[in-house]
Amino acid sequence: MSDAVLRSTQGRIGILTINNPPVNALAAAVRDGIKAGIEAFGGDANIDAIVLIGGGRTFIAGADIREFGKPPQGANLNDVIAAMENCPKIVVAALHGTPLGGGLETALGAHYRVALPSTRVGLPEVHLGLLPGAGGTQRLPRLTGAKYALDAILSGRHIPAPEAKNKGIIDALVEGDDLLAGAVAHAQMLVAQNAPRRRVRDLTVTLESPDLFAETEKAIARRARGFKAPWNIIKCVQAACELPFDEGMKRERELFVELLTSQESAAQRYYFFAEREAAKVLDVPADTPQRPIKTAGIIGAGTMGGGIAMNFANAGIPVTILEAQQEALDRGLKTIRTNYENTAKRGGMKAEDVEKRMALITPTLSYDGLKDCDVIIEAVFETMEVKEGVFKKLDAVAKPGAILATNTSGLDVNQIASYTNRPGDVIGMHFFSPANVMKLLENVRGKATEKDVIATVMSLSKKIGKIPVLVGVCEGFVGNRMLRMRGIQSAYMLEEGALPQQVDKVLYDFGFPMGPFAMSDLAGNDVGWRIRQGKNEKEKRNVRYSGYVADAICELGRFGQKTGSGYFKYNLPDRTPIPDPEVEAIIEETSKKLGITRRAISDQEILERTLYPMVNEGAKILAEGMAQRSLDIDVVWVNGYGWPVYRGGPMWWADNVVGLKTIHDALMKYRDASGDPFWEPAPLLKKLVQEGKKFSQL
Ligand code: T1G
């Protein structure tokens, strides 16, 4: 008997308890155990009904994602589910936690389903580049109708149990917390009523509109761009409406296997684990005691400070927000309230929660207002002088043990820590704008940052709904440091012959939400312009100056969307970038001034010259220890910069799609052609190529 599925009885009810922590994933032993248990109880004259329940924190949360890509072992999940639905005894699935993917599909093989009210069910395979491959696309529509099922499978969202009950996915909610007792009682009641062994497969699908599938394809076109899974999901649900069950299952299998063997799914399955691994710090044990965080303080109520404060209020953590002037404080709080009200209007939160969240935010004009805070994050003006003043004051006011964090996007965290007598308590927390929306949080460990501070901040990041990545102190940390490489080559290519719309299209087609020039117009071209004016950029950097075109654009006041023109022109309020002959003339004029003869630049060259230098910089980042692993870099880029998740991340893509030797040889090609040391392959890249290894093997 498998210990992955434990058998017991209560009277004439057989109980199968799944025992595969942490999430009862459907590993081979679990599938075998369920099938064997169903067959055993099904043939037992002393058993009238069977309850299938998950041990621990959740019912089955899906297939074991780690098994994909390996030779199949154990019973096929569809056979397990068929054994359940053809069992001669009534089978009741007892649900709690997160019955997801194959977990919900298994439950749909039962004749009845009961659940704790806190349960959330769903079919999130789309996030893995897959589709429900164990009958979910055929059974769910039979319970809920095609439209609801299509939305649920395309979104992969978690469905709360009460909603699932309303839609017929669940038959009854079990009040209290004794799910097993409730499920056994439900099974006994069904037996007493001589209830039928109701197979979902025997139901018929309601197709609400014959145009459902065509309309859905139109509706998802933008967000599903570049992905495969959504389109196959639509075909599966269509098959559920048009074909007998067994033929629909065959169609589902075909379309599932097509995805399972795709690069997109391999990338998204990699990314699923990468995001979880990134939260783990290699030299900080998971059981490192953390500092209790009951209250937070934010310095600065501007765009960033206000957004950061919202993250804490959203997590139910009281937060005090400090500004120097009452007017700025009032403006900051008004913006926060407006953000909440807009979210409530869009149905993203309950209207009554606006007041609850606002009540958690306390304004103050004095540093004393922060003296009891467990963590204080500054989001003030981005100059070292201002940071110095802030941290000297914090050092005097903050209570012992308070964590002092800077939201700097690239200044030296070690220098900032040196302005206090407690550098061990200082860490960087680089939020991305808008801070209440963007998931990525680059946590920057200084030389002196204590390990318990790191453990606390990495855990706190998840509590406030962020995806944390630990990075080291270097200019631009990980994301912006690599972005700069892409920006330099994009600028050079404008001088050499390309136009903004060509460069942007190559990266848009690759899967980015927008290209570098549309992004610059969105962020404001004047941001970089002011930095270049201030930092003697031309001398300071070790690469040829790349700001000529950008400066020429800015000198004409073309700061981007906010001025109605930048690299593109805009018919505001429409934000669609429109190629502008004026910009073409500016660029051609700049090339002439630089003595460059413009030439046609291929899309392939654009792709290589924007993305390969990013990978090369990633190699330097790894060699310097500025990121723990290549997966950390990928998590930064997928969550902070719109790298398409179906391409895994820059380092995964380099390892598994392009190949490090191809990248290395291309860098050498551009170096030899240009003589520019910019192209020198990183020593680590060279080493890996020589050894035939990947970044992921470091
Ligand atoms: N397979 C293997 N490991 C899994 C796993 C899974 N399905 N789900 C979670 N883990 C690991 C995870 O890596 C972590 O490991 C630990 O469990 C806790 O997870 C046939 C083909 C269930 C909502 O997509 O959404 O079924 O880091 O940190 O925040 O049609 O995990 O501790 O070593 O995320 O409380 C479909 C994926 C699969 C659900 C819990 N199912 N999981 O969240 O904990 S494909 C899914 C989740 C499929 C069928 C198809 C979440 C969670 P470690 P965690 P959490």
- Could you tell me whether Leu179 is open to solvent by less than 30 Å² (accessible area, probe 1.4 Å), farther than 19 Å from Val92 by Cα and either of a type outside the set (Asp, Glu) or more than 16 Å from the ligand (Cβ to nearest atom) (or both)? no
- Message: I'd like to know if the range 572-582 contains one or more residues that are open to solvent by less than 20 Å² (accessible area, probe 1.4 Å) and in contact (Cβ under 8 Å) with a residue 40 or more places away in the chain.
- Response: no
- Item | Filter result for the condition that a residue is part of a loop (DSSP other than H, G, I, E, B) and either within 14 Å of the ligand (Cβ to nearest atom) or not aromatic (Phe, Trp, Tyr) (or both), over Val284, Val257 | Val284
- Looking at the range 94-106, is at least one residue away from the ligand (no atom under 12 Å from the Cβ), touching a residue at least 40 places away in the same chain (Cβ under 8 Å) and among the hydroxyl-bearing types (Ser, Thr, Tyr)? no
- Query: For the range 5-22, what are the residues that are outside any strand (DSSP E or B) and crowded, with 19+ Cβ neighbours inside 10 Å?
  - Reply: Asn20
- In the range 235-254, the residues that are under 19 Å from Ala221 (Cβ atoms) and buried (at least 23 other Cβ atoms within 10 Å of the Cβ): Cys236, Val237
- Query: If we keep just the residues of the range 465-512 that are assigned to a helix (DSSP H, G or I) and among the basic types (Lys, Arg), which is nearest to the chain's Cα centre (by Cα)?
  - Reply: Arg481
- Item | Residue list for the range 43-101, restricted to those being touching a Phe, Trp or Tyr at 6+ places or on another chain (Cβ under 6 Å), within 19 Å of Ala172 (Cβ to Cβ) and hydrophobic (A, V, I, L, M, F, W, C) | Ile50, Val92, Leu95
- Item | Selected residue (only one of Ala161, Ala152 is without any contact (Cβ under 8 Å) to a residue 60 or more places away in the chain, open to solvent by less than 10 Å² (accessible area, probe 1.4 Å) and within 16 Å of the ligand (Cβ to nearest atom)) | Ala152
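The values are calculated or read from the model by the stated rules, or taken from the named source; none is laboratory data. Since this is a predicted model, take the numbers as computed values, not measurements. Positions of Cβ are generated from backbone atoms using ideal geometry, with glycine treated the same way; all protein chains shown enter the neighbour counts. These area figures cover heavy atoms from the full protein model, side chains too; ligands, DNA and RNA do not enter into them. Shrake-Rupley method; radii C 1.70, N 1.55, O 1.52, S 1.80 Å.
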